[in-house]
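Q: Before I ask anything, let me first share the structure, which is written out below as structure tokens.
The values are calculated or read from the model by the stated rules, or taken from the named source; none is laboratory data. Just so we're clear, the structure is a prediction, and the values are computed from it rather than from any experiment. Neighbour counts run over all protein chains shown; Cβ positions are idealised from the backbone, glycine included. When the accessible area is computed, the model is the full protein with side chains, heavy atoms only, and any ligands, DNA or RNA have been set aside. Shrake-Rupley method; radii C 1.70, N 1.55, O 1.52, S 1.80 Å.
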Amino acid sequence: MNNIVLDEFQQKIADEAYSELVSIGQCGLELMTSGGKSYIAASIIYNFIASDNSMHILWLAPKAAISNVKDKIFSKLSIDRHIEYISYELLSRADEIPDFKSNIGLIVFDECHKAYAKQTFKMINKILEQISNVK
């Protein structure tokens, strides 16, 4: 059950973003600090999982952001078991791509401006090369 309660403007953004993901395969979400980006993303993820319960989500983010969303949002929802987390810090030190499930249908880049460090970006590109038909 979706326990995510969004404000009206957040729900409109979530609906538009989900529609773009379904129709063109990608979208971006940019809001002010404390605008509810993680909650909007959680709502979008919930809709994706509702459409395909075998789907997994790959959440790429700084370690602190991962802890924050896991503790405050995803651990309280029935979708947590569908989400795999990889931190940018781990990617920055990795020589090989970390293991993740093969049925990734959606990748979320949280705080994506931090993903451009040379090694992190290199590893993200390797991940993207390994996964096909991902949104």
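Q: Consider only pairs whose beta carbons are under 6 Å apart and that are at least six residues apart or on different chains; among these, list those whose first residue lies in segment 89-106 and is under 9 Å from Q119 (Cα atoms) and whose second residue is open to solvent by less than 100 Å² (accessible area, probe 1.4 Å) and in a helix (DSSP H, G or I).
A: Final answer for the pair search is L91/T120; L91/M123; S92/Q119; S92/T120; A94/M123.
Q: Let me ask another. Being among the charged types (D, E, K, R) and outside any loop (DSSP other than H, G, I, E, B) is the filter here; which residues of segment 109-132 pass it?
A: Hits for segment 109-132 are K114, K118, K122, K126, E129.
Q: Looking at E8, E30, can you tell me which residue is open to solvent by 80 Å² or more (accessible area, probe 1.4 Å) and over 25 Å from E84 (Cβ atoms)?
A: Answer to the selection: E8.
Q: Also: Step by step: first the residues of segment 16-27, then only those that are open to solvent by less than 80 Å² (accessible area, probe 1.4 Å) and under 19 Å from I4 (Cα atoms), then the one that is farthest from the chain's Cα centre (by Cα). Which residue is that?
A: Going through the qualifying residues, I end up with S19.
Q: Further question on the same structure: Taking segment 76-104 as the search range and keeping residues that are in contact with a helix residue (DSSP H, G or I) (Cβ under 6 Å, 6 or more places away or on another chain) and of a type in the set (D, E), which one is nearest to I45 (Cα to Cα)?
A: Out of the qualifying residues, it is D80.
Q: Criterion first (modelled with pLDDT of 95 or more, surrounded by 15 or more Cβ atoms within 10 Å (Cβ to Cβ) and more than 11 Å from the chain's Cα centre (by Cα)) does I13 satisfy it?
A: yes
Q: Within segment 56-83, can you find the residues that are open to solvent by 30 Å² or more (accessible area, probe 1.4 Å) and over 20 Å from N3 (Cα atoms)?
A: Listed by number, the residues that qualify are K63, A64.
Q: Among the residues of segment 108-129, what is the count of those that are farther than 29 Å from S34 by Cα and open to solvent by 80 Å² or more (accessible area, probe 1.4 Å)?
A: Final tally of qualifying residues: 2.
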